[in-house]
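The values are calculated or read from the model by the stated rules, or taken from the named source; none is laboratory data. Remember, it's a predicted structure, so these values are computed and weren't measured experimentally. When we count neighbours, we look across all protein chains shown, and the Cβ atoms used for this are built from the backbone with ideal geometry, even at glycine.
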Amino acid sequence: MSTSPVILLGAQRCGTTALAYAMNLAFHDAGGHFTVNGKLPYLLHRWLSEDDLTERHLRADEILHALDRRPPDGAGVNAWRARVEQSLRTAARDVAEGEAGSDHLALARRILVESNEGQPFWGDKYNEYLLQLPWLDAVLPDARYVMLVRHPEEAARSMLRWTGDRPWKPVTHAAAVAKWTAWNARWLDFMPQVPAGRRLVIEYQALCRGEEGDRLAEFTGLDLRRYLAGLNPRTPAAADAAPLPDETAAVWQALRESAVAPAPVPATTV
């Protein structure tokens, strides 16, 4: 089996969290680990720069604080969190001593690999990874990407019903659709750079109908089908949706077309 990480992508309110929990259990039961909302790469992208290495000051404490403010979840997450802290503290010491080198991408890669050390396969989900795809590709050049796409109207309706302390949440339908469009366009810009064997686009309603299990199993090398049982959409299919804005309609059409094309099988199912 390939040991390259599996990164689950998708815009907000597109079903990624439900799929991430299924992947977490499947990976955990098979001896690996998949983090639900791990966000460590997102934080490294924000907090680990060339300037930090030059100034010998990696803010491991800030990264750990951000991790704990909204903690990642899933089976095995406590062991993962302990490995993250050990790696960050060691890296911060090496940076202070001038022993970490000058390549901030290489150091980020080291931290991510150490944080998943001992796992035969591993992965992570965080919606904001869509905003840093070139950085992810540079740090994890062998990563495989599962992109979950959902009709923009369904996602927008779900966004508007979202509760909790989320000051960045859209409050109008137009803004929600625009956010969906901007985030998914990031994937379309990045997708041609990823070899077909390292990417898989799946559609949310098809996933809920049980139609994507085989392709996910082939792509990840793990039989996810029993973990996906009972997955149901909380928002009905957008059969009554008004016509989409032209840009949004074009993005949705491109996503659907990319979801139809099967990806070559990169791993052996276990």
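The table for this structure:
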| item | result |
| --- | --- |
| Sole exception among (1) touching a helix residue (DSSP H, G or I) at 6+ places or on another chain (Cβ under 7 Å); (2) surrounded by 14 or more Cβ atoms within 10 Å (Cβ to Cβ) for Gly38, by number | (1) |
| Which numbered condition Ala238 misses (of (1) at pLDDT below 95; (2) more than 23 Å from Phe34 (Cα to Cα); (3) in a helix (DSSP H, G or I)) | (3) |
| Top-ranked residue in region 107-124 [being under 16 Å from Gly32 (Cβ atoms) and of a type in the set (D, E, K, R); ranked as surrounded by the fewest Cβ atoms within 10 Å (Cβ to Cβ)] | Glu117 |
| Any chance Ala178 is at pLDDT 95 or above, assigned by TED's automatic domain parsing to the domain that holds Leu58 and of a type in the set (A, V, I, L, M, F, W, C) | no |
| Qualifying residue in region 110-130 (condition: of a type in the set (A, V, I, L, M), assigned by TED's automatic domain parsing to the domain that holds Thr220 and part of a helix (DSSP H, G or I)) | yes |
| Ala196 vs. criteria in contact with a Lys or Arg (Cβ under 7 Å, 6 or more places away or on another chain), surrounded by fewer than 20 Cβ atoms within 10 Å (Cβ to Cβ), assigned by TED's automatic domain parsing to the domain that holds Leu133 and closer than 30 Å to Asp29 by Cα | no |
| Number of the condition not met by Ala138 [criteria: (1) modelled with pLDDT under 95; (2) part of a helix (DSSP H, G or I)] | (1) |
| Subset of region 49-59 [surrounded by fewer than 24 Cβ atoms within 10 Å (Cβ to Cβ) and at negative phi] | Ser49, Glu50, Asp51, Asp52, Leu53, Thr54, Glu55, His57, Arg59 |
| Leading residue by the ranking (nearest to Glu218 (Cα to Cα)) among those in region 151-168 that are among the acidic types (Asp, Glu) and buried (at least 22 other Cβ atoms within 10 Å of the Cβ) | Glu154 |
| Region 68-85 residues that are at negative phi, paired with ones that are modelled with pLDDT under 95 and acidic (Asp, Glu) (beta carbon under 8 Å, 6 or more apart) | Arg83/Glu117 |
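Rundown of residues vs (1) under 30 Å from Pro233 (Cα atoms); (2) buried (at least 22 other Cβ atoms within 10 Å of the Cβ); (3) in contact with a Cys (Cβ under 8 Å, 6 or more places away or on another chain); (4) of a type in the set (A, V, I, L, M), yes/no style:
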position: Ala96; (1), (2), (3), (4): no, no, no, yes
position: Leu105; (1), (2), (3), (4): no, no, no, yes
position: Tyr126; (1), (2), (3), (4): yes, yes, no, no
position: Leu140; (1), (2), (3), (4): no, no, no, yes
position: Val146; (1), (2), (3), (4): yes, yes, no, yes
position: Val149; (1), (2), (3), (4): yes, yes, yes, yes
